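Colleague: The structure is given below, and queries will be raised subsequently.
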Amino acid sequence: MGKISTKDVEYVAGLAQLALDDAAKERLAREMDEILSYMDKLNELDTANVEPMMHAMEMTNVFREDVVGESLPREIALRDAPQHDGEYFIVPKILDTEGSA
């Protein structure tokens with residue numbers, strides 16, 4: 001018998017408010033047991049000299065530095081807008097703010 005029983009699966013399913021049939025309980029117990037067995041194998045590895053890392057591969061930031069530049073002129077920014085009043089974009093109202101505090 002593995003580390004996970006169908007009773008364990010029923011308990012976790014109850015916490016998650018899931019209704020499982022007997023076949024699903026058996027399958028999940030087997031799959032969860034396989035996951036825990038794999039974790040046991042990983043725990044056998046000597047990681048004393050391994051530096052903790054966030055990702056399995058070396059990650060570098062590919063973004064450029066933020067540099068303050070010249071702003072886009074208002075006329076050009078509004079030129080292709082579906083609706084504008086010459087100063088602002090006009091967009092449909094999506095939030096009802098009446099009655100909010």
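Colleague: Mind counting the residues in the stretch 1-48 that are more than 27 Å from the chain's Cα centre (by Cα), among the polar types (S, T, N, Q) and loosely packed, with under 12 Cβ neighbours inside 10 Å?
Modeller: Residues in the stretch 1-48 being more than 27 Å from the chain's Cα centre (by Cα), among the polar types (S, T, N, Q) and loosely packed, with under 12 Cβ neighbours inside 10 Å: 1 in total.
Colleague: Next up: In the list 65, 70, which residue meets the criterion of being at pLDDT below 90 and exposed (fewer than 10 other Cβ atoms within 10 Å of the Cβ)? Spell out the reasoning first.
Modeller: Details: 70 fails: at pLDDT below 90.
Only one candidate passes the filter, namely 65.
Colleague: With the structure loaded, tell me whether residue 36 is at pLDDT 90 or above, within 30 Å of residue 2 (Cα to Cα) and touching a Lys or Arg at 6+ places or on another chain (Cβ under 7 Å) or whether it fails that test.
Modeller: Against the criterion (at pLDDT 90 or above, within 30 Å of residue 2 (Cα to Cα) and touching a Lys or Arg at 6+ places or on another chain (Cβ under 7 Å)), residue 36 qualifies.
Colleague: Take residue 51 and decide whether it is surrounded by 12 or more Cβ atoms within 10 Å (Cβ to Cβ) and either in a loop (DSSP other than H, G, I, E, B) or at pLDDT 95 or above (or both).
Modeller: It is false that residue 51 is surrounded by 12 or more Cβ atoms within 10 Å (Cβ to Cβ) and either in a loop (DSSP other than H, G, I, E, B) or at pLDDT 95 or above (or both).
Colleague: In the stretch 78-96, what count of residues is obtained for those that are of a type in the set (Lys, Arg) and assigned to a loop (DSSP other than H, G, I, E, B)? Outline the logic, then answer.
Modeller: Taking the stretch 78-96 and keeping what is of a type in the set (Lys, Arg), we get 79, 93.
Keeping just the survivors that are assigned to a loop (DSSP other than H, G, I, E, B) gives 93.
Final tally of qualifying residues: 1.
Colleague: Does the stretch 84-101 contain any residue that is modelled with pLDDT of 90 or more and polar (S, T, N, Q)?
Modeller: No, because not a single residue in the stretch 84-101 is modelled with pLDDT of 90 or more and polar (S, T, N, Q).
Colleague: Does residue 87 satisfy being charged (D, E, K, R) and either in contact with a helix residue (DSSP H, G or I) (Cβ under 8 Å, 6 or more places away or on another chain) or surrounded by 10 or more Cβ atoms within 10 Å (Cβ to Cβ) (or both)?
Modeller: yes
Colleague: May I pose another question? Report, by residue number, each residue of the stretch 1-26 that is part of a helix (DSSP H, G or I), of a type outside the set (Val, Ile, Thr) and farther than 20 Å from residue 40 by Cα.
Modeller: 7, 10, 11, 13, 14, 15, 22, 23, 24, 25, 26
The values are calculated or read from the model by the stated rules, or taken from the named source; none is laboratory data. This is a predicted model, so every value here is computed, not measured. With ideal geometry, Cβ positions are generated from the backbone for all residues, glycine too; neighbour counts draw on all protein chains shown.
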